[in-house]
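Chemist: Handing you a structure now.
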Amino acid sequence: MKRSLIFLLLLTFLQCSKDLSPFGGEPEVTTLTPRLKPEWPNPNWKVVPPESVGVSTNKLKLAEEYAFTRTGDETDRKGRRTDALVILRNGKLIYEKYARNFSEEKVHLTWSVSKSILQTMYGIAVKAGLVKLDDPGYYHYEPLSRDEAHKKITIRHLLNMSSGLAAEEGYESGPLKSSVIAMLYTRGRKDMGAFCAGLPLRAEPGTQVYYSSCDTNILSAILKKVYGVEEYDKLPFEKIFKPLGITNVTFERDGSGTYIGSSYLYMTAKDLAKIGYLYLNDGIWNGERLLPEGWVQFTRTPAPGYISTPYSEDLAEDNYTAHWYANTGVPERGIHEPWPDAPKDTFAGLGHWGQMLYVIPSLDLIIVRFGDDREKAFIKNDFLKLVKESVIR
């Protein structure tokens, strides 16, 4: 017991000593290599044959077959149920296909990929000097000042899903047990941030990683206080979607006018790919830096709270970072890469029922997949392996 405690303290010290980016932490992958003369959609993606950018059409068909072949009962929503698949390489569109009455112009609910766009909004705010990651949340948002314990929660903790708030994430359980159901549809829907800030703590802030939509909607409420209602209303549209040429988008709000950053952003697949391309280019779009230097590095860094989070099989399923996912593993905790057959530098925004945005810097790939999976029939690693194997040079 004593030896285990000493080892844990040593790991914590080593982790805390790493601070190689402006936002803290060090991912287990190298920094992004600057892309030479990237091509930008203007506003649409340039469409090219896969072979022209080193991708085999025949091998790509295997990924298509995996994604679109139905494996279950449609009536009971069984098996793999892909609605859209878009793949880009070197900034060019090489593949797109739609199913189940979706099309290139039809927006799709992104579910928790919304969280990754909320994180983009924070990158904008940090670059503008309006917030700092280690600001206590209550500095900007009074509901987090309820007691001294809640006052310890910082913006970094919330982005790293390490607030310590006793949320219960689970869409398939009832509102008496699931805080996310209560937040979205019953007791919390009038003011989701305030509802979530009122939860008790289960752990010291920063010490445990627990995936929680509540953390995201508190962050959204904080931004509304920081910007003021009028500027907040315009924030995602003027600072993100407009520069990227995204016009067909819907962002729902709760009863208090706060964007439901956890869940309710609707986009087309090709527009969501633009978010991935922004991150592939280190936060730069068409020559203009939208996100601060170091932000994408922060995005790819597993949450520091993994070091002290009690181990469980669920914990080992994902490498959660700052409202995105990494593929680095967390060796200090015995947590392996979630997609071992994909490049280690892969990172992603992921959502309920099969919404996926993958960025693979080493292969210069962006992949967007929309779906309606009600069971775990779409195996991410198997799909990513097929896409990777289609790259021949």
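The values are calculated or read from the model by the stated rules, or taken from the named source; none is laboratory data. Just so you know, these numbers come straight off a predicted model, no measurement behind them. Here the Cβ is made from the backbone with ideal geometry for all residues, glycine too, and neighbour counts use every protein chain on show. Surface areas here come from the heavy atoms of the whole protein model, side chains and all, with no ligands, DNA or RNA. Shrake-Rupley method; radii C 1.70, N 1.55, O 1.52, S 1.80 Å.
Chemist: Which of L350, L62, L365 moves most in a GNM of the chain, Cα contacts under 10 Å?
Modeler: Maximum fluctuation in the GNM of the chain, among the listed residues, is at L62.
Chemist: Taking all protein chains in place and a 1.4 Å probe, what share, in percent, of the accessible surface of the chain do carbon and sulfur account for?
Modeler: The nonpolar share, carbon plus sulfur, comes to 52 percent.
Chemist: Can you give me the distance in nm between label points at E142 and T207, each placed 7 Å from the Cα along the Cα-to-Cβ direction?
Modeler: That separation, rounded to one decimal, is 3.1 nm.
Chemist: Name the residue, out of L291, L32, L144, whose mean-square fluctuation peaks in a Gaussian network model built on the chain with Cα pairs under 10 Å.
Modeler: Evaluated over the chain, the most mobile residue of the options is L32.
Chemist: Taking 8 Å as the Cα distance limit and 6 or more residues as the minimum spacing, I'd like the relative contact order of segment 53-390 as a percentage.
Modeler: Reported relative contact order: 25 percent.
Chemist: Pop the C-beta distance of K242 and S103 into the FRET formula with R0 = 41 Å and round what comes out to the nearest 0.05. Write down the numbers at each step before the final one.
Modeler: Working: r = 23 Å, r/R0 = 0.57.
The formula returns an efficiency of 0.95 here.
Chemist: Next question, about the same structure. If each DSSP helix of 4+ residues adds -39,500 (n - 2.57) and the sum is divided by the residues in the chain, what number results at 222 nm, nearest 500 deg cm²/dmol? Write down the numbers at each step before the final one.
Modeler: Numbers: 11 runs with 112 residues, N = 393.
One gets -8500 deg cm²/dmol as the mean residue ellipticity at 222 nm.
Chemist: Now for a separate question. Leaving out ligands and nucleic acids, note down the accessible area per residue over segment 199-262 with a 1.4 angstrom probe, in whole Å².
Modeler: 39 Å²
Chemist: For E389 and E317 in the same chain, what is the full-extension length gain: residue separation times 0.36 nm, less their Cα-Cα distance, in nm?
Modeler: 23.6 nm
Chemist: How about segment 99-204: which GluC sites (Glu not before Pro) there are in a DSSP loop, with at most 11 other Cβ atoms within 10 Å of their Cβ? Display every interim value, and only then the final one.
Modeler: Details: sites: E104, E105, E148, E168, E169, E172; in loops: E104, E105, E148, E168, E169, E172.
Of the GluC sites (Glu not before Pro), the ones in loops of segment 99-204 whose Cβ has at most 11 other Cβ atoms within 10 Å are E105, E148, E172.
Chemist: In a Gaussian network model over the chain where Cα atoms closer than 10 Å are linked, find which of L219, L176, L278 has the largest mean-square fluctuation.
Modeler: L176
Chemist: Can you list residues whose amide H is under 5 Å from Q355's amide H, if they're 5+ apart or on another chain and H is modeled 1.01 Å from N?
Modeler: G371
Chemist: Hey, another quick one. For E231 and R187 in one chain, what is 0.36 nm times their gap in residues minus the Cα-Cα distance, to one decimal in nm?
Modeler: 13.1 nm
Chemist: Which whole-Hz ³J(HN,Hα) couplings does segment 239-246 yield from phi under the Karplus relation 6.51 cos²θ - 1.76 cosθ + 1.60, θ = phi - 60°, glycine and proline marked x?
Modeler: Couplings: 9, 10, 5, 5, x, 8, x, 9 Hz.
Chemist: What are the residues whose amide H is under 5 Å from the amide H of R202, where those residues sit 5 or more places off or on another chain and H is modelled from the backbone?
Modeler: Under 5 Å from the amide H of R202 lie the amide H atoms of L165, A166, each far enough along the sequence or on another chain.
Chemist: Apply the Karplus parameterisation 6.51 cos²θ - 1.76 cosθ + 1.60, with θ equal to phi minus 60°, to every residue of segment 369-383 and state each ³J(HN,Hα) to the nearest whole Hz, in sequence, with x for glycine and proline.
Modeler: In residue order, the calculated couplings are 10, 9, x, 9, 7, 9, 8, 7, 9, 9, 8, 4, 4, 4, 5 Hz.
Chemist: Could you give the length gained on full extension between L36 and R77, defined as 0.36 nm per residue of separation minus the Cα-Cα distance, in nm?
Modeler: Residue separation times 0.36 nm, minus the Cα-Cα distance, leaves 10.3 nm.
Chemist: Given N residues in segment 53-390, what is Rg(Cα) / (2.2 N^0.38 Å)?
Modeler: Working: Rg = 19.2 Å, N = 338, 2.2 N^0.38 = 20.1 Å.
Against the compact-globule rule of thumb, the ratio is 0.95.
Chemist: If I model a spin label as a point 7 Å beyond the Cα along the Cα-Cβ vector, how far apart are those points for E51 and A149 in nm?
Modeler: Placing both labels 7 Å along Cα→Cβ, they lie 6.5 nm apart.
Chemist: Here is a further query. Near the amide H of T154, under 5 Å away, which other amide H atoms are found, from residues 5 or more places off or on another chain, if H is placed in the peptide plane?
Modeler: Placed amide hydrogens put G137 under 5 Å from T154.
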